[in-house]
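Asker: What follows is a structure written as structure tokens; I'll ask about it next.
The values are calculated or read from the model by the stated rules, or taken from the named source; none is laboratory data. Note that the structure is a prediction, hence the values are computed from the model and not measured. Cβ placement follows ideal geometry from the backbone for every residue including glycine, while neighbour counts extend to all protein chains displayed.
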Amino acid sequence: MTGVTAGQLVAAVEQMTGLPWPDDGRLDWEVDGLAGHTDVHRHVLPLAAVPSSFLDLADRSWGTRHRAGASRFIDSEVVWWRSGDDAVALVGTPAAVVVLPARWLAEPPAGGGVSPVVADFLSGDGERVLSSVWAVFGTRDPEVLAPLVPALRAVEEATADVELGGLLVSNHSNLEHALDRVRLFAAGTCLCAAYPAHQFYDPAKESGRRHVRVVRTVPNDRQWVPDRVCECLDCGRRFQVEQGEYHYPWWKWTPVAG
């Protein structure tokens with residue numbers, strides 16, 4: 001398989017999680033023109049090469065990036081993300097994306113150790129920092145956010161000089177917004193208050209995370225899609241969300257009266 005983009009690969013993986021499992025033997029399949037196979041343990045999509053932006057897009061799509069050593073299900077170290085009850089694992093050699101039950105890769109709780117998200121923020125590794133940035137973007141889970149509150153100053157210091165890149169939008173601005181979400185959580189403010197401050201909150205994903213529900217749509221002559229009116233499922237606050245596109249899709253959240 002050649003020429004696949006990061007977006008095509010993520011879309012294919014989303015469909016792989018719903019593929020059937022064979023009773024025994026091997027099941028060959030094709031998703032969006034990409035050929036793979038399934039055995040009794042895992043769905044496998046071989047890759048000629050990993051698209052350069054796949055890791056970043058995977059972090060945005062599925063949140064926290066994990067690591068796992070070789071196991072009887074995958075014979076090399078992998079990075080992986082949780083998608084529902086499944087794990088989406090990126091294998092390096094030979095390159096492939098593997099989908100299998102997350103319980104087969106998930107590590108047992110550390111029992112009082114440093115939170116994995118905090119550890120990634122403090123690592124000094126740009127990829128690990130960005131993985132945690134997108135994890136914080138996509139969650140309202142106190143188990144993820146609470147350990148970050150006492151670590152905020154240490155995270156700010158540890159990430160100040162880390163190279164995070166970003167072609168059109170500085171990833172340091174995304175980092176700062178993620179930390180602002182932690183500050184909102186620490187203050188007891190509903191995290192929907194973060195929506196107007198950033199353009200990467202996709203209403204479809206926020207709805208899928210059960211953070212909001214789409215109440216209705218409103219025509220918008222300036223854009224190719226109508227605005228969506230979204231209601232926060234935690235506090236009931238409503239926003240009218242305009243979607244546009246320049247070099248990348250963006251969403252503008254504006255508070256509205258109920």
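Asker: Kindly evaluate G7 against the criterion of being at pLDDT 85 or above and either within 30 Å of G165 (Cα to Cα) or over 20 Å from the mean Cα position of the chain (by Cα) (or both). Before you say what the answer is, go through the steps one by one.
Answerer: Working: at pLDDT 85 or above: yes; either within 30 Å of G165 (Cα to Cα) or over 20 Å from the mean Cα position of the chain (by Cα) (or both): yes.
Answer is yes for this residue.
Asker: Could you grab me the full set of residues in the stretch 163-174 that are crowded, with 16+ Cβ neighbours inside 10 Å and either at pLDDT 90 or above or in a helix (DSSP H, G or I) (or both)? Break it down into steps so the answer makes sense when it comes.
Answerer: Going through the stretch 163-174, the residues crowded, with 16+ Cβ neighbours inside 10 Å turn out to be 164, 171-172, 174.
Listed by number, the residues that qualify are N171, H172, N174.
Asker: Which residue pairs have Cβ atoms under 8 Å apart, sit 6 or more places apart or on different chains, and have a first residue in the stretch 187-215 that is closer than 13 Å to G236 by Cα and a second that is of a type in the set (S, T, N, Q) and outside any strand (DSSP E or B)?
Answerer: Correct list of pairs: R213/S207; V214/S207.
Asker: Would you call A178 under 18 Å from the mean Cα position of the chain (by Cα) and of a type in the set (G, A, S)?
Answerer: Details: under 18 Å from the mean Cα position of the chain (by Cα): yes; of a type in the set (G, A, S): yes.
Here the answer is yes, as A178 does meet what is asked.
Asker: Also: Looking at the stretch 111-127, which of its residues are closer than 23 Å to A187 by Cα and part of a loop (DSSP other than H, G, I, E, B)? Step through it out loud before you land on a result.
Answerer: Residues of the stretch 111-127 closer than 23 Å to A187 by Cα: 114-119, 121-122.
Answer for the stretch 111-127, where residues must be closer than 23 Å to A187 by Cα and part of a loop (DSSP other than H, G, I, E, B): V114, S115, L122.
Asker: List the number of the failed condition for V256; all other conditions in (1) at pLDDT below 90; (2) touching a strand residue (DSSP E or B) at 6+ places or on another chain (Cβ under 6 Å); (3) surrounded by 12 or more Cβ atoms within 10 Å (Cβ to Cβ) hold.
Answerer: For V256, the failing item is (1).
Asker: Kindly evaluate R153 against the criterion of being surrounded by 18 or more Cβ atoms within 10 Å (Cβ to Cβ) and over 23 Å from C232 (Cα atoms).
Answerer: Working: surrounded by 18 or more Cβ atoms within 10 Å (Cβ to Cβ): no; over 23 Å from C232 (Cα atoms): yes.
In short, no.
Asker: What number of residues within the stretch 181-215 are over 20 Å from the mean Cα position of the chain (by Cα) and on the phi > 0 side of the Ramachandran plot?
Answerer: 1
Conditions tested, residue by residue: (1) assigned to a loop (DSSP other than H, G, I, E, B); (2) outside the structural domain of S52 (by TED's automatic domain parsing); (3) in contact (Cβ under 8 Å) with a residue 60 or more places away in the chain; (4) not basic (K, R).
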position: V129; (1), (2), (3), (4): no, yes, no, yes
position: S132; (1), (2), (3), (4): no, yes, yes, yes
position: A146; (1), (2), (3), (4): no, yes, no, yes
position: E157; (1), (2), (3), (4): no, yes, no, yes
position: D161; (1), (2), (3), (4): yes, yes, no, yes
position: E176; (1), (2), (3), (4): no, yes, no, yes
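Asker: Something else now. Name the one entry in A158, A186 that is over 19 Å from S61 (Cβ atoms), surrounded by 15 or more Cβ atoms within 10 Å (Cβ to Cβ) and touching a Leu at 6+ places or on another chain (Cβ under 9 Å).
Answerer: A158
Asker: If we only count strands (runs of 3 or more DSSP E) wholly inside the stretch 13-94, which ones have 1 or more residues that are modelled with pLDDT under 90, surrounded by 18 or more Cβ atoms within 10 Å (Cβ to Cβ) and in the same structural domain as V118 (by TED's automatic domain parsing)? Talk me through it step by step, then tell me what you get.
Answerer: Working: elements: 27-31, 34-38, 43-46, 65-68, 78-83, 86-91.
Passing ranges: none, list empty.
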